[in-house]
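J.: Got a structure here, written out as structure tokens. Questions coming.
The values are calculated or read from the model by the stated rules, or taken from the named source; none is laboratory data. Quick caveat: nothing in here was measured; it's all calculated off a predicted structure. Here the Cβ positions follow ideal geometry from the backbone for every residue, glycine too, while neighbour counts run over all protein chains shown. In case anyone asks, the SASA skips ligands and DNA or RNA and just uses the protein heavy atoms, side chains included. Shrake-Rupley method; radii C 1.70, N 1.55, O 1.52, S 1.80 Å.
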Number of protein chains: 2
Amino acid sequence: MTVQYDGTNFAGFQVQTGQRTVQGVLETALRRITGESIRIVGAGRTDRGVHATGQVISFQSGTSLAPRALQHALNAVLPEDVAIITAAEAEPGFHARFSARAREYRYTIWNAAERPVLGRQYVLHWRAYLDAAAMDRAAQVLVGEHDFAAFAGASEASERPRRTIRTMYRLRCWRDGHRVIVQAVADAFLPHMVRNVVGTLLLVGMHRASVEDVARILASRDRRQAGATIPPRGLCLTRVEYD
Amino acid sequence: MTVQYDGTNFAGFQVQTGQRTVQGVLETALRRITGESIRIVGAGRTDRGVHATGQVISFQSGTSLAPRALQHALNAVLPEDVAIITAAEAEPGFHARFSARAREYRYTIWNAAERPVLGRQYVLHWRAYLDAAAMDRAAQVLVGEHDFAAFAGASEASERPRRTIRTMYRLRCWRDGHRVIVQAVADAFLPHMVRNVVGTLLLVGMHRASVEDVARILASRDRRQAGATIPPRGLCLTRVEYD
């Protein structure tokens with residue numbers, strides 16, 4: 001199933017005791033419709049506050065409902081900040097996370113003096129003018145197979161050496177009116193990686209870091225060299241690719 | 001000042017005792033910044049749940065702050081669902097409501113089988129497919145100076161005969177992907193008028209009413225003939241025009 005959600009009022013995708021999570025809400029709805037206790041798998045374990053328009057989940061069920069009927073039944077009981085967009089029966093062995101070839105995230109920045117009001121939940125407000133073309137040039141340094149330890153969550157980088165190699169297929173930045181959008185496509189992402197990459201590209205956009213600085217940060221494998229982890233509200237999991 | 005707000009958590013524009021209103025929040029912020037008890041005037045008294053990207057307010061103040069400085073000070077204390085977009089000193093005698101020549105509203109319908117999730121606060125979800133071109137043709141019947149009693153709030157139509165004449169300068173409907181947008185520009189609007197007009201055009205979009213039906217409803221001056229008052233969430237005051 002393809003799932004869309006507004007991450008604002010979720011403590012992330014993954015189930016956590018005592019927290020409202022996307023996985024928890026979906027599993028509750030599945031139990032209500034099928035009577036089964038179903039454990040779902042998500043392609044991306046999005047953090048607290050991160051949105052999705054193209055999250056993919058997989059699960060096994062003995063339900064007699066066809067996929068479309070199950071989709072409609074689930075949407076009727078799900079809260080308004082999550083909805084199933086498509087549903088289909090998968091090949092045997094399909095696993096939303098392990099079968100995925102690539103994930104696409106988009107980070108949206110509202111780059112204007114005044115605060116955004118309508119749709120403010122889905123953007124980061126950044127007052128200083130951003131040179132999106134410079135950000136796009138610097139981004140190309142990160143395309144390809146690299147050790148992204150400098151852009152990983154701090155614990156990830158230190159505790160799991162060599163587990164930080166990823167392949168970035170595409171990393172583009174462009175301006176659309178007051179919006180600056182960063183599109184990132186990789187085989188997989190380290191925790192906080194998109195937010196750390198965009199935090200670093202913001203420095204380039206303000207001309208406080210150069211293309212060479214980004215190359216140096218990447219080579220350092222040192223999380224302290226990169227920009228800040230920016231807030232989750234501008235981030236959205238937009239697509240997951242399978243063979 | 002031009003003001004933007006997300007109407008979701010406001011009981012409308014106009015001050016009401018014990019309710020959170022846009023006017024109330026703006027007047028509180030003005031008192032906090034200027035020390036004065038200022039009464040503001042809004043160009044359009046939007047209903048509970050209606051949004052604005054181009055509301056205009058006017059007021060008198062003895063503040064020594066320049067308009068831009070006052071704007072920034074207000075934005076620093078206003079809640080995140082309202083912001084001042086522009087500020088300027090007005091001509092003597094300027095009145096946001098009485099000086100306005102025209103108002104523009106937009107109503108946005110999310111016309112798809114599945115519920116909208118991101119940005120759901122700003123659209124009405126309508127499952128049945130809408131023929132936007134048919135809606136646009138029927139809308140042209142309402143352009144010009146007419147007695148809009150059939151589209152007024154019920155009390156308005158019965159209690160104030162002949163006060164229901166308005167001039168509709170422009171009324172267009174078009175589709176943009178899953179969105180159907182209705183743009184309405186008039187000298188002024190009766191209470192609930194845009195929502196009643198769009199409710200009637202929805203019948204045309206579903207081929208349950210014709211262009212002739214819309215002409216007949218307008219001529220009837222009878223509120224019971226028109227479509228339902230649709231919810232406020234899709235409605236936004238987008239612009240106010242002055243000489």
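J.: Going by the rotation axis that takes chain A to chain B, pick out the residue of A with the closest C-beta and quote the gap in whole Å.
T.: A:GLY119, 3
J.: Could you work out the helix-only [θ] at 222 nm for chain B, with each DSSP H run of four or more residues adding -39,500 (n - 2.57) and the total divided by the number of residues, to the nearest 500 deg cm²/dmol?
T.: Taking each H run of at least 4 residues, the total per residue is -7500 deg cm²/dmol.
J.: So, with a 1.4 angstrom probe, what is the percent of accessible area on the stretch B:2-86 that is carbon and sulfur?
T.: It is 47 percent, rounded to a whole number.
J.: On to the next question. With θ set to phi - 60° and the Karplus curve 6.51 cos²θ - 1.76 cosθ + 1.60, what are the ³J(HN,Hα) couplings of the stretch A:164-171 in order, to the nearest whole Hz, using x for Gly and Pro?
T.: For the stretch A:164-171, the Karplus-derived couplings read 10, 8, 9, 10, 8, 7, 7, 8 Hz, x marking Gly and Pro.
J.: Then there is this: Work out Dmax and Rg for the stretch A:9-155 from the C-alpha atoms and quote the Rg first, both in angstrom.
T.: Cα only, the stretch A:9-155: 18.8, 55 Å (Rg, Dmax).
J.: Follow-up question, since we're still on this one. Using only the alpha carbons, work out the radius of gyration and Dmax of the stretch B:2-86 in angstrom.
T.: 11.9, 35
J.: Let me ask something else about it. Sort the following peptides by mean Cβ neighbour count (other Cβ atoms within 10 Å, averaged over residues), highest first: A:190-200, B:109-119.
T.: Most protected by this proxy first, the peptides run A:190-200, B:109-119.
J.: Let me ask you something else. Say a label goes 7 Å from Cα toward Cβ at B:VAL211 in every copy; what distances in nm does this one have to the rest, shortest first?
T.: Ordered by distance, the counterparts are at 5.8 nm.
J.: Using a probe of 1.4 angstrom, how much of the accessible area of the stretch A:141-243 is carbon and sulfur, in percent?
T.: Exposed carbon and sulfur together represent 48 percent of the surface.
J.: If you don't mind, there's one more thing I want to ask. Quick one: angle between helix B:193-205 and the longest Cα principal axis of chain B, in degrees between 0 and 90, rounded to 10, please.
T.: 30
J.: Can you compute the modelled spin-label distance between A:PHE94 and B:ALA113, with each label point 7 Å from Cα toward Cβ, in nm?
T.: So the two model labels end up 1.6 nm from each other.
J.: Can you work out ³J(HN,Hα) from phi for every residue in the stretch A:215-228, in order, using Karplus 6.51 cos²θ - 1.76 cosθ + 1.60 and θ = phi - 60°, giving whole Hz and x for Gly and Pro?
T.: Using θ = phi - 60°, the values come out as 4, 5, 4, 4, 5, 5, 6, 10, 4, 5, 7, 7, x, 5 Hz.
J.: Something else about it: Any chance you could check the stretch A:77-103 for residues losing 50 Å² or more of accessible area when the partner protein chains are in, compared with the chain on its own (1.4 Å probe)?
T.: A:GLU80
J.: Placing a label point 7 Å from Cα toward Cβ, how far apart in nm is B:SER61 from its equivalents in the other copies, listed shortest first to one decimal?
T.: When each copy's label point is compared with this one, the spacings are 5.5 nm.
J.: Can you pull the one-decimal nm distance between simple spin-label points at B:ARG137 and B:SER210, each 7 Å off the Cα toward Cβ?
T.: Placing both labels 7 Å beyond Cα along the Cβ direction yields 1.1 nm.
J.: Can you tell me what the convex hull of the Cα atoms of the stretch B:91-243 projects to on average, as an area in nm²?
T.: 9.7
J.: Once amide H atoms are placed 1.01 Å from N in the peptide plane, what residues at a sequence separation of 5 or more from A:ALA96, or on another chain, have their amide H within under 5 Å of its amide H?
T.: When sequence neighbours closer than 5 places are left aside, the close amide H contacts are A:SER58.
J.: Run through the other copies and list how far each one's label point is from that of B:THR8, in nm with one decimal, shortest first; the point sits 7 Å from Cα along Cα-Cβ.
T.: When each copy's label point is compared with this one, the spacings are 0.2 nm.
J.: From the phi angles alone, apply the Karplus equation (6.51, -1.76, 1.60; θ = phi - 60°) to the stretch A:24-30 and give each ³J(HN,Hα) in whole Hz, x where the residue is Gly or Pro.
T.: Using θ = phi - 60°, the values come out as x, 5, 5, 5, 5, 5, 5 Hz.
J.: Mind listing the long-range amide H neighbours of B:LEU124? Cut-off is under 5 Å, sequence gap 5 or more, other chains count too, H placed in the peptide plane at 1.01 Å from N.
T.: Counting only residues 5 or more places away or on other chains, the set is B:THR108, B:ILE109, B:TRP110, B:GLY234.
J.: If you don't mind, another one. Check which residues have an amide H placed less than 5 Å from B:GLY153's amide H, if you skip close sequence neighbours.
T.: B:MET193
J.: Moving on. Return the distance in nm (one decimal) between the two label points of a simple spin-label model at B:ILE181 and A:THR8, each offset 7 Å from Cα along Cα→Cβ.
T.: Distance between the two pseudo-spin positions: 2.1 nm.
J.: Also, I was wondering about something else. Compute for chains A and B the buried accessible surface, both sides summed, probe 1.4 Å, and express it in Å² to the nearest 100.
T.: Roughly 2100 Å².
J.: Residues of the protein assembly as shown: accessible area per residue at 1.4 Å, in Å²?
T.: Computed with neighbouring chains in place, this is 46 Å² per residue.
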